[in-house]
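Peer 1: Got a structure for you, written out below as structure tokens; questions coming shortly.
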Amino acid sequence: MNIFQAQEIFNIAIKIEENGERFYRQAMTITDNDETKKIFQHLANEEINHKKIFEELQSKLKEYTPAESYPGEYMDYLNAFVENVLFPQNTDSVNFTGTTNTLAAIRFAIQKELDSIYYYKEIKNFIPATQQTAVDNIIEEERRHFMQLMKLKKTLG
């Protein structure tokens, strides 16, 4: 593995956070519920913070080679995950397929939080142990986002 590939992993994580922020800001515009708007605003702000953390990790990144069963194994896996789950070609992950329903937006957000958690758990294989705590912290925050959204879904629907 080379440093360019590791940089690309963080570029994807940064894009996930940027898309998440845009999504939550867009979701704020489709709900009339003030509490829901506050939660979406909070989650948008959290995505900004996560982006900053990934940018900082990226700036400190040194070349690191994870154990692989064949050269490029992790990159192949992560690329397939990104192309098929996080950013599938036939959907707009930011626009959540044009939904104007608050409950549908919450369901979409729940799935994207889970997808993000999964991706972040996987990228830990690409970074040294000394930098993994920051990613673990983001994973825990994403889990809290998931729980907030589940509670919100339960109260609304």
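Peer 1: Among what's in the range 111-157 and is of a type in the set (G, A, S) and under 26 Å from E35 (Cα atoms), pick the residue that is surrounded by the fewest Cβ atoms within 10 Å (Cβ to Cβ). Walk me through how you get there before you give the answer.
Peer 2: At the first step, the residues of the range 111-157 found to be of a type in the set (G, A, S) are 116, 129, 134, 157.
Checking the rest, the ones that are also under 26 Å from E35 (Cα atoms) come to 116, 157.
Details: S116: 23, G157: 10.
Going through the qualifying residues, I end up with G157.
Rundown of residues vs (1) assigned to a helix (DSSP H, G or I); (2) closer than 16 Å to I12 by Cβ; (3) among the β-branched types (V, I, T); (4) touching a strand residue (DSSP E or B) at 6+ places or on another chain (Cβ under 9 Å), yes/no style:
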position	(1), (2), (3), (4)
I117	yes, yes, yes, no
K121	yes, yes, no, no
K124	yes, yes, no, no
T133	yes, no, yes, no
I139	yes, yes, yes, no
R144	yes, no, no, no
M150	yes, no, no, no
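Peer 1: Counting just the residues of the range 1-48 that are of a type in the set (S, T, N, Q) and over 18 Å from the mean Cα position of the chain (by Cα), which one comes out modelled with the lowest pLDDT?
Peer 2: So the first thing to find is which residues in the range 1-48 are of a type in the set (S, T, N, Q), and the list is 2, 5, 7, 11, 19, 26, 29, 31, 33, 36, 41, 45.
So of that shortlist, the ones also over 18 Å from the mean Cα position of the chain (by Cα) come out as 2, 5, 29, 31, 33, 36.
Numbers: N2: 42, Q5: 58, T29: 90, T31: 90, N33: 89, T36: 92.
Taking the candidates together, the pick is N2.
The values are calculated or read from the model by the stated rules, or taken from the named source; none is laboratory data. Computed from a prediction, not measured in an experiment: that's the story for all the values here. In this analysis, Cβ positions are derived from the backbone assuming ideal geometry, glycine residues included, and neighbour counts consider all displayed protein chains.
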